[in-house]
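Below is one structure, written out as structure tokens; comments come after it.
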């Protein structure tokens, strides 16, 4: 049985519309425009290969912890669902995950 209360998280398919990339939360603020242009076509053809990481927030949506480029590409490709590791963590731990993934 998967422990959904752990920081490791649980792999799920979630609605792209339920994920919010909160401004100022993602430590990466600059994205390579050329990479962002190519990614949606790849995602449209192959899907999102590496899950994003999210945390439930306020009971109504998921806050993006890691994978903003993949999320943007999925939105641009018109995907309705995206693979995600849902981690039940506090804001501090979510921030540490975000920093580690951006490094």
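What the table shows:
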| item | result |
| --- | --- |
| Full-stretch length increase - residue 76, residue 96 - with 0.36 nm per residue and alpha-carbon distance subtracted | 4.4 nm |
| Label-to-label distance, nm, for residues given as residue 23 and residue 45 (7 Å Cα→Cβ offset) | 3.5 |
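Only the coordinates and a few stated rules stand behind these numbers; no lab work does. Here the structure is a predicted model, which is why all the values come from computation and not from measurement. Here Cβ is always computed from backbone atoms with ideal geometry, including for glycine, and neighbour counts include all displayed protein chains.
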